[in-house]
Structure formats: C-alpha cells, structure tokens
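Colleague: I'd like to ask you about the structure that follows.
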Amino acid sequence: MTKTISLLGATGSIGRQTLDVAEQLGLSVAALTARGGNLDLLERQTRQFLPRLVALYDFDAAEKFAGRVRDLNVKVLSGPEGLVEAAAIEEADTVVTAVVGMVGLTPTLTAIEKGKRIALANKETLVCAGELVMDAADRYGAEIVPVDSEHSAIFQCLQGSADRREIKRLLLTCSGGPFFGKKFEELEGMTRKDALRHPNWKMGPKITVDCATLMNKGLEVIEAMRLYRLPLEQVDVLIHRQSIVHSLVEYRDGAVLAQLGTPDMRLPIRYAFTYPRRGENPAEPLDLLTCPPLTFAAPDREAFPCFALAEAAAKEGGTACAILNGANEAAVGLFLQEKIGFNDISRLVKKARESVPVVYHPSLADILKADAAARGAVLSE
Ligand code: NDP
Ligand code: MG
C-alpha cells in the first residue's frame, strides 16, 4: 500500500482528485508538479500537503511561485528537469503520472528506474512508448497500476487470473462522448464549447476533446494493448452511454467479468494506492435499482475517423502510435485555440500519419523524433 506520493500534474482534474484521495487515506506528499497555469491552487495545495519539492514546467511561473512560498521549507524547481527530479524523489514510494501529454514520458521512465509504483493516468506515455515503458517496468521491478478507469477495471477483473493466455479479449467501454449518434458531416460545425460538454465525466480539456472525437478510446485501445501485452484483435470497444460498466474481460471459458461503479475517478485512483487491498469509499455507492438501464452498441468508425486512425496505428506498430499521438496533441491544441474546426482534427492526424515515415523497433530517440515530426506536420499546415 502506498504511503508517500509524488504527484505529477497536481493542478489538473486527476491531480486534484488524487489529493482528495491522499487526504482521505492519510498519505504523505513528497512532491507536486504543474505547468504553471494555476499558481493560486498550487499554493493552496502546497500549504496543505507541505511537499519537500514543487516543480513547475514554466520558468517564470516557477520564479513567481518560489516568492509566494518563501516562508515554507520547500524547494522550487523549473523546466523538464524539475519534473524528472520530482519523479525520482527518494521519499515517494508511488509516483502519480497525471500530466497531460508526451511530456510525461521521461519522468515516468525515471520513476520506473527508481523502482517506484506508478499510478498511471498519463496515457499518452504508453501510447507513444508503451513497449519501452513496460520492458523497463519488468527490468526494474516497478509496478504499473493504471488509473484510467477502463484499464483499472480490466486490472481489477484480471486479479486472480494466473495465466494471460486464458484471456479471450478485453472489452473497453466508451461513453460515446457528446456527439454520439451524429454523422461525420453533422460534426463539421461543432465548436470548442460543444466538444467540451462531456455527458458523464468532468475532465481536463485535452482528454474531453479526445472523447468527442473518440481518439480517447483509440488511445485507450493502444494503452490496453501495451499494459496487457495483447494484440489489437483481442481488444474490442463497446459504446456504453451510462459509464457504469467501466470495462470487461472475456475469458476463454466464456466467463465475462466486469467492474461496475458510479463514474468517479477517485475509485481507480484509490485502488492504485491500496492495491492489492481495497480502501473505504466515502461517496454514494452505485445503486443498481435506480441507475439507468445499461446499454451497449458498436462504435461508428465513419463518423469518428480518429478511432479508426488509432486502430490502424495500433496495427502498424513501430512509431506509428507516437506519430498518431503527437499529431493529435498538436491538432487538439489548435482546436482548443479555435484555430481549426472539429473535423480538421482527424484530417490533420491522417495527413501526419501519411507524411511522417514509420520506424519499426524504435529506440526512445526514434519515438521522440517521430513525435516532433508529427507535431511539425500538423503545425506547418
Ligand atoms: P488536466 O488538463 O486537467 O491537467 C493537466 C495537469 O498537467 C495540470 O496539472 C497541468 O498544470 C499539468 N501540465 C500540463 N502541461 C504540462 C507540461 N508541459 N509540463 C508539466 N505539467 C504540465 O488533465 P487531466 O487531469 O484531465 O488528465 C491528465 C492525464 O490523465 C491525461 O493524460 C489524461 O488522458 C489522463 N486521464 C484523465 C482522466 C480524467 O478524468 N481527467 C481520466 C483518465 C485518464 P497546469 O494546471 O499548471 O497547466
Ligand atoms: Mg478512460
């Protein structure tokens, strides 16, 4: 069980909920990190949890922040090195990776090399470099416990399964997002505001847009393939509008195990800390008598081409997933700045996939190069 955490991405949606759980479980906090967009919140968190280290990616924000907490015994760092130092901090037994995007990769690898438990929310890391990350985790004996609700559900359903060959397939559930049921042409005029209106979950803006394009589910298929070392053919997706069944495992003997619960990220976050035990949940439990009927449907790959693009990248392997992810991060960034339309996201990702060559059996350097080339391809449009 986790005793002390280092939290990368403290001011985000997962970061804030992680601190709720940390408070409830009485965990210590050794380090907090953020980019620097919300210094008021970071200061409140710092005063409450008294970490030894706070790292801000943004240099100016770090300088400002150091002035604000001069009265505390806290070291303030800046830049990517600060993130890495927070990931390696001696006192923490668990590192929560709740930053958004590829920027989480190097700190995650560092924490793995230190043999820490990784409570992994930052899915972009596994999408881009999943094989390297999982191999490193094996080599250094670091446990990776997923925080993403679907992967946590699968992780929970796999407890007690001694042999992965008994798995027939994983079934990831997907809310369908705010545009469920619409055709591709109808999505053309969708705005930032429309895309940020998720039916069931309150999350950061990047992942919320990914839910609207279904890229999130595509990234999660790749995340599941890496975490559980399964081919694409053994990872399926079901649209499940109610977000109550968080995912399922179908075994070869026909048994299908699922994890159900209210849509609340604090459950998978708590489990990442208490695993292999279970803690107390102070929130209202799921009531199957009053919850809506549970329905399931197939995803629409024509209306949501990002999902099909992710599956194609998953099939191709090599740096294809890093190209997909880098292009998507850049395109979603442009969409959030209202510089491109909704359907331009999939168009730009497709274009980057066509123009950036794939390297097979890539090194970390190849992955970083593919990521940069994909972003370049999108931003040069
Ligand atoms: P948010 O956008 O809410 O938060 C992101 C956090 O990362 C903030 O603390 C932000 O700091 C920090 N950050 C952003 N960019 C950088 C950077 N360049 N360097 C250092 N820190 C940075 O994201 P979410 O919490 O929604 O998501 C975090 C991760 O978890 C993502 O990978 C997402 O896919 C995954 N996830 C999220 C879920 C959710 O419910 N939110 C569910 C499942 C997975 P600042 O505030 O200063 O900008
Ligand atoms: Mg998820």
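Colleague: Could you identify the single residue in Thr33, Thr11 that is open to solvent by less than 90 Å² (accessible area, probe 1.4 Å), touching a Lys or Arg at 6+ places or on another chain (Cβ under 9 Å) and within 14 Å of ligand 1 (Cβ to nearest atom)?
Modeller: Thr11
Colleague: Next question. What pairs come up if the first residue lies in the range 134-150 and is within 16 Å of ligand 1 (Cβ to nearest atom), the second is in a helix (DSSP H, G or I) and among the basic types (Lys, Arg), and their beta carbons are under 6 Å apart, counting only those six or more places apart or on different chains?
Modeller: As it stands, the answer is Asp148/Lys123, since those pairs meet every condition given.
Colleague: Restricting attention to the range 202-237, and to residues there that are open to solvent by less than 40 Å² (accessible area, probe 1.4 Å) and part of a loop (DSSP other than H, G, I, E, B), which single residue is nearest to ligand 1 (Cβ to nearest atom)?
Modeller: From the range 202-237, those open to solvent by less than 40 Å² (accessible area, probe 1.4 Å) are 204, 206, 208-228, 230, 232, 234-235, 237; that's our starting set.
Filter once more, so that each one left must be part of a loop (DSSP other than H, G, I, E, B): 204, 214, 230.
On the way: Gly204: 3, Leu214: 14, Leu230: 20 Å.
Within the range 202-237, the match that is nearest to ligand 1 (Cβ to nearest atom) is Gly204.
Colleague: Of the conditions (1) open to solvent by less than 60 Å² (accessible area, probe 1.4 Å); (2) assigned to a loop (DSSP other than H, G, I, E, B); (3) in contact with a helix residue (DSSP H, G or I) (Cβ under 7 Å, 6 or more places away or on another chain); (4) within 16 Å of ligand 2 (Cβ to nearest atom), Ser152 clears all except one; give me its number.
Modeller: Looking at each condition in turn, Ser152 falls short on (2).
Colleague: Out of the residues in the range 1-20 that are closer than 13 Å to Ala119 by Cβ and in a helix (DSSP H, G or I), which is farthest from ligand 2 (Cβ to nearest atom)?
Modeller: Looking at the filtered set, the residue picked out is Leu19.
Colleague: Between Glu90, Glu131, which is open to solvent by 10 Å² or more (accessible area, probe 1.4 Å), assigned to a helix (DSSP H, G or I) and not hydrophobic (A, V, I, L, M, F, W, C)?
Modeller: Glu131
Colleague: Working carefully through the options Ala98, Ala119, find the one that is within 16 Å of ligand 2 (Cβ to nearest atom), aliphatic (A, V, I, L, M), touching a residue at least 60 places away in the same chain (Cβ under 8 Å) and open to solvent by 10 Å² or more (accessible area, probe 1.4 Å). Can you show your working first?
Modeller: Numbers: Ala119 fails: open to solvent by 10 Å² or more (accessible area, probe 1.4 Å).
Sole residue among the options that is within 16 Å of ligand 2 (Cβ to nearest atom), aliphatic (A, V, I, L, M), touching a residue at least 60 places away in the same chain (Cβ under 8 Å) and open to solvent by 10 Å² or more (accessible area, probe 1.4 Å): Ala98.
Colleague: For the range 51-60, state whether one or more residues are surrounded by fewer than 24 Cβ atoms within 10 Å (Cβ to Cβ) and within 24 Å of Asn325 (Cβ to Cβ). Give the derivation first.
Modeller: To start, the set of residues in the range 51-60 that are surrounded by fewer than 24 Cβ atoms within 10 Å (Cβ to Cβ) comprises 52-53, 57-60.
Adding the requirement that they be within 24 Å of Asn325 (Cβ to Cβ) leaves 57-58.
Scanning the range 51-60, I find at least one residue that is surrounded by fewer than 24 Cβ atoms within 10 Å (Cβ to Cβ) and within 24 Å of Asn325 (Cβ to Cβ), so the answer is yes.
Colleague: Criterion first (surrounded by fewer than 22 Cβ atoms within 10 Å (Cβ to Cβ) and more than 13 Å from ligand 1 (Cβ to nearest atom)) does Leu39 satisfy it?
Modeller: no
Colleague: How about the range 79-133: which of its residues are within 15 Å of ligand 1 (Cβ to nearest atom), among the charged types (D, E, K, R) and in contact with a helix residue (DSSP H, G or I) (Cβ under 8 Å, 6 or more places away or on another chain)? Talk me through it step by step, then tell me what you get.
Modeller: Initial filter on the range 79-133 (within 15 Å of ligand 1 (Cβ to nearest atom)): 79-87, 95-108, 110-111, 118-130, 133.
Filter once more, so that each one left must be among the charged types (D, E, K, R): 81, 85, 123-124.
Residues satisfying the conditions are Lys123, Glu124.
Colleague: While we're here: Taking the conditions exactly as written (more than 12 Å from ligand 1 (Cβ to nearest atom) and closer than 29 Å to Arg375 by Cβ), does Val69 satisfy them or not?
Modeller: When the stated conditions are applied, Val69 does not pass them.
Colleague: Just the residues that are more than 18 Å from Glu124 (Cβ to Cβ), free of Cβ contacts under 8 Å to residues at least 60 places away in the same chain and within 16 Å of ligand 2 (Cβ to nearest atom), please, taken from the range 178-225.
Modeller: Once the filter is applied, which keeps residues that are more than 18 Å from Glu124 (Cβ to Cβ), free of Cβ contacts under 8 Å to residues at least 60 places away in the same chain and within 16 Å of ligand 2 (Cβ to nearest atom), the range 178-225 yields Pro178, His198, Pro199.
The values are calculated or read from the model by the stated rules, or taken from the named source; none is laboratory data. It should be emphasised that the depicted structure is a prediction, and the values quoted were computed from it without experimental measurement. Positions of Cβ are generated from backbone atoms using ideal geometry, with glycine treated the same way; all protein chains shown enter the neighbour counts. Protein only, heavy atoms only, side chains kept; ligands, DNA and RNA dropped before computing areas. Shrake-Rupley method; radii C 1.70, N 1.55, O 1.52, S 1.80 Å.
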